[in-house]
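S.K.: Okay, handing you the structure first.
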Amino acid sequence: MKYKVITLAAMLSASASAVDVSTNIGYATQYHYRGIYQHTNSISAGIDVSEGNLSAGIWAADVGDGAEVDVYGSYGIDLGDLSVSVGATGYYYTGDFDETYEEVNLGASYGFLSVEHSIGRWEEQDYTFSAITAEYEGFYLKYGEFGEAFEGDYAEVGYGYSFSGLDFGVSAIKTDGGGSTSYIATIGKTF
């Protein structure tokens, strides 16, 4: 019996050391998600856990009327320079800001390019979201588009950098092929 207890303790210790846990906190002058305005002066926080190819997390942001709480998980693999992932995300709200969204998420990246595609459901309606992003030395350019029950697109350009342990970002978002433009500044810290 003593041998089994020692073996179990060693296994738990080995598993605990392989798990990577990080937390984050952030502030955005405007919170936009997929080009859609959510709230001004939004504070957010989250926790992420990963082990090997698996990752999961929870993230929350102030949306004015309560909070948006995202719960997500994914499985990703690297195939040389190509990375692919499959996962799921649920978007839940503590107030009357919006209703629940639940999605299956697919992603791939190669070099400086990445693509994503999500298949979701909101209030008995199916929708899709697809995006392509190009990144280079902190700069990025993204184009995203909704499909099925939702319509709309947006383009986003931005730059992010780290200084003294803090992450800073600036971006501009233009919605619906020439609609309004929003300018955003962010600051965050990962622990």
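S.K.: I'd like to verify a number: residues in the stretch 38-66 that are open to solvent by less than 40 Å² (accessible area, probe 1.4 Å) and either over 16 Å from the mean Cα position of the chain (by Cα) or β-branched (Val, Ile, Thr) (or both), how many?
M.R.: The total comes to 2.
S.K.: What number goes with the only condition from (1) within 25 Å of ILE43 (Cβ to Cβ); (2) modelled with pLDDT of 95 or more that THR181 does not pass?
M.R.: In the conditions (1) within 25 Å of ILE43 (Cβ to Cβ); (2) modelled with pLDDT of 95 or more, THR181 misses (2) alone.
S.K.: Is it fair to say VAL71 is within 12 Å of the chain's Cα centre (by Cα), open to solvent by 60 Å² or more (accessible area, probe 1.4 Å) and not hydroxyl-bearing (Ser, Thr, Tyr)?
M.R.: Spelling it out, VAL71 is indeed within 12 Å of the chain's Cα centre (by Cα), open to solvent by 60 Å² or more (accessible area, probe 1.4 Å) and not hydroxyl-bearing (Ser, Thr, Tyr).
S.K.: Just to be sure before I move on: is SER83 under 18 Å from the mean Cα position of the chain (by Cα) and either outside any strand (DSSP E or B) or touching a residue at least 24 places away in the same chain (Cβ under 8 Å) (or both) in the structure I sent? So that I can check it myself, show each step before the final result.
M.R.: Details: under 18 Å from the mean Cα position of the chain (by Cα): yes; either outside any strand (DSSP E or B) or touching a residue at least 24 places away in the same chain (Cβ under 8 Å) (or both): yes.
Here the answer is yes, as SER83 does meet what is asked.
S.K.: Mind counting the residues in the stretch 86-95 that are assigned to a strand (DSSP E or B) and open to solvent by 40 Å² or more (accessible area, probe 1.4 Å)? First the steps, then the outcome.
M.R.: From the stretch 86-95, those assigned to a strand (DSSP E or B) are 86-93; that's our starting set.
Checking the rest, the ones that are also open to solvent by 40 Å² or more (accessible area, probe 1.4 Å) come to 86, 88, 92-93.
Qualifying residue count, the stretch 86-95: 4.
S.K.: Quick one: in the stretch 158-183, of everything that is assigned to a strand (DSSP E or B) and of a type in the set (D, E, K, R), which residue is least open to solvent (accessible area, probe 1.4 Å)?
M.R.: Residues of the stretch 158-183 assigned to a strand (DSSP E or B): 158-163, 166-175, 181-183.
When the remaining residues are screened for being of a type in the set (D, E, K, R), the result is 167, 174.
Details: ASP167: 62, LYS174: 88 Å².
Selected residue: ASP167.
S.K.: Just one of ASP98, ASP78, ASP153 is in a strand (DSSP E or B), open to solvent by less than 60 Å² (accessible area, probe 1.4 Å) and of a type in the set (D, E, K, R); which is it? Quick ask: steps written out before the conclusion?
M.R.: Details: ASP98 fails: in a strand (DSSP E or B); ASP78 fails: open to solvent by less than 60 Å² (accessible area, probe 1.4 Å).
Criteria check complete, one pass: ASP153.
S.K.: Also: I'm checking my understanding of the structure. Among residues of the stretch 103-149 that are loosely packed, with under 14 Cβ neighbours inside 10 Å and hydroxyl-bearing (Ser, Thr, Tyr), which one is nearest to GLY87 (Cα to Cα)?
M.R.: TYR110
S.K.: Among the residues of the stretch 44-59, write down those that are farther than 10 Å from ASP20 by Cβ and of a type in the set (A, V, I, L, M). Outline the logic, then answer.
M.R.: Step one: list which residues in the stretch 44-59 are farther than 10 Å from ASP20 by Cβ, which gives 44-47, 53-54, 56-59.
Those that are farther than 10 Å from ASP20 by Cβ and of a type in the set (A, V, I, L, M): ALA45, ILE47, LEU54, ALA56, ILE58.
S.K.: With respect to TYR127, determine if the residue is within 23 Å of GLY158 (Cβ to Cβ) and either over 13 Å from the mean Cα position of the chain (by Cα) or of a type outside the set (Val, Ile, Thr) (or both).
M.R.: Numbers: within 23 Å of GLY158 (Cβ to Cβ): no; either over 13 Å from the mean Cα position of the chain (by Cα) or of a type outside the set (Val, Ile, Thr) (or both): yes.
No.
S.K.: Here is a further query. Report, ordered by the first and then the second residue, all pairs with beta carbons closer than 6 Å, sequence separation of six or more or different chains, a first member in the stretch 24-36 that is under 23 Å from VAL49 (Cα atoms), and a second member that is among the β-branched types (Val, Ile, Thr).
M.R.: From residues that are under 23 Å from VAL49 (Cα atoms), the pairs are ASN24/THR190; TYR27/ILE43; TYR27/ILE187.
S.K.: Residue by residue through the stretch 12-34, note down the ones that are of a type outside the set (Phe, Trp, Tyr), at pLDDT below 95, out of contact with any Ser or Thr (no Cβ under 7 Å at 6 or more places or on another chain) and not in a helix (DSSP H, G or I).
M.R.: VAL19, ARG34 - these are the residues of the stretch 12-34 that are of a type outside the set (Phe, Trp, Tyr), at pLDDT below 95, out of contact with any Ser or Thr (no Cβ under 7 Å at 6 or more places or on another chain) and not in a helix (DSSP H, G or I).
The values are calculated or read from the model by the stated rules, or taken from the named source; none is laboratory data. Here the structure is a predicted model, which is why all the values come from computation and not from measurement. A quick note on method: Cβ atoms are made from the backbone with ideal geometry, for glycine too, and the neighbour counts reach across all protein chains shown. All accessible areas refer to the heavy atoms of the entire protein, side chains included, with ligands and DNA or RNA removed. Shrake-Rupley method; radii C 1.70, N 1.55, O 1.52, S 1.80 Å.
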